[in-house]
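These notes are about the structure you will find just below.
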Amino acid sequence: MVRVNPHVCLVWAFATASVLPTGCALRMPAYPVHPASSYANRISHDAVDIAIHPITGASESKRYFGTNLVSRNVLAVLVVVDNHSSSSLVLDPTHCQLVGLPDRAGDEQLPGKGAGQAVGVLSVAAISPLLSVVAMKMMFDSENIKYNLHVKELARQTVSPGKSAQGFLYFRLPEGQSGKEAGTRWEVRIAVSRLGAAATSHVSLAFDWER
Amino acid sequence: MGMKPPIRRIAVVVLALLSGSHMGCTVVFKPRIKPVTDYPASERFDLRVHLHFDNDFLNAEWRSKLDRTYILPVGQVLKENTQLLAQSLFREVVVTEGDQVRPVDSVDATLIPRVVSVDRSLSVFAFGQADTVISVEWPLATTTGALVWVATIQGKGTAMNGNNFTLHNQVRKQLQGATNDLFAKTYAAISSSPEIRAFASDRIRP
């Protein structure tokens, strides 16, 4: 008959309790942000520099978000706004858009694409529904990825003269397009307006999804 | 045999408790934290502000289904601290709550804060680092709805992840840290805003 030592049981119980809850920790570093003027995809207008940097590479995505977002049909785009003007701006992520464009060679790689026309307008996605797409095998991973998505997200804000704003927009790509974006051309429309303006205006920045 | 019955009984009870503690049930954290009151003394904006809390704000919480369902309500903590913050920033604050925003007479501006997110990062070990982050949007608008200023500010609190015996205390530490950070940053952002300063100057009656 196997005898159970109660002392061992107690030690085991407390040791177990001390490491619970279990799971896989995913601590992702903050994404390094530079002045807007240092990015390849940038535009300057009325003393306001605006830049984007789409996260299309798997390794970069895994390093900063803990998963390959593109393989899950999610595109993260870093937006940097430097306001060198004398007016205050309002940056509104909820009105930003991602637009698929015909590529320079005129190839039709995306469904419904016509020459010179946008193939579709994608609005910024809410993070909670994204998590069902970025399905994680472990709940702990999911919590940590959600945390990282939120912490790095571009927020609605006023950008005062001399100030900067930065953060990520998240777009849900069309279903079935994962892996087919290479070589395609896209445009990010950033909703940025002068404070007090009656209507929201957009600044557009195009980028080629490198093959 | 040398094993005294009390130890054997204690071992059985502890094992039973620990086994049962991981079955599907709900854990609601109810941490009591100190409100943030130590704002630096500075001149208040000469504004009478309508501060409104909608039900989404009042019911804000972090909720996650891990080994159990965990719920961390934050709405009431944020409400209490927001009132203190507003009273330290503006000459007069009129507070209302509910789903309907009813107009208030003779106010200069309206502040309707919105909880954007409440998140917790988790660690593999009980003694590992865990963060609680609360993100709140602060839109100050005129009585006609024109935006005066807006910022979305994150407050972060860090403590150990905690185990079955220390989890509640660690969550309290994280929430206290996140609240302190959120309201210190929000105070700094509002009090230094050139947009609100200009608006307040324009509102000064002759």
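The values are calculated or read from the model by the stated rules, or taken from the named source; none is laboratory data. The shown structure was predicted, so the numbers you read here are calculated from the model rather than taken from an experiment. When we count neighbours, we look across all protein chains shown, and the Cβ atoms used for this are built from the backbone with ideal geometry, even at glycine.
Tabulated data
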{"item": "Residue in the stretch A:137-150 that is at positive phi, surrounded by fewer than 22 Cβ atoms within 10 Å (Cβ to Cβ) and at pLDDT 85 or above present", "result": "no"}
{"item": "Total residues in the stretch A:85-99, condition more than 16 Å from residue A:156 (Cβ to Cβ) and in contact with an Asp or Glu (Cβ under 7 Å, 6 or more places away or on another chain)", "result": "2"}
{"item": "Residue match in the stretch B:132-142 (condition: touching a helix residue (DSSP H, G or I) at 6+ places or on another chain (Cβ under 7 Å), facing another protein chain (nearest Cβ under 8 Å) and either of a type in the set (Lys, Arg) or surrounded by 18 or more Cβ atoms within 10 Å (Cβ to Cβ) (or both))", "result": "yes"}
{"item": "Residue that is modelled with the lowest pLDDT [pool: residues in the stretch B:99-126 that are part of a loop (DSSP other than H, G, I, E, B) and of a type in the set (S, T, N, Q)]", "result": "B:123"}
{"item": "Test: residue in the stretch B:71-93 that is in contact with a Cys (Cβ under 8 Å, 6 or more places away or on another chain), over 16 Å from residue B:175 (Cα atoms) and of a type outside the set (Ser, Thr, Tyr)", "result": "no"}
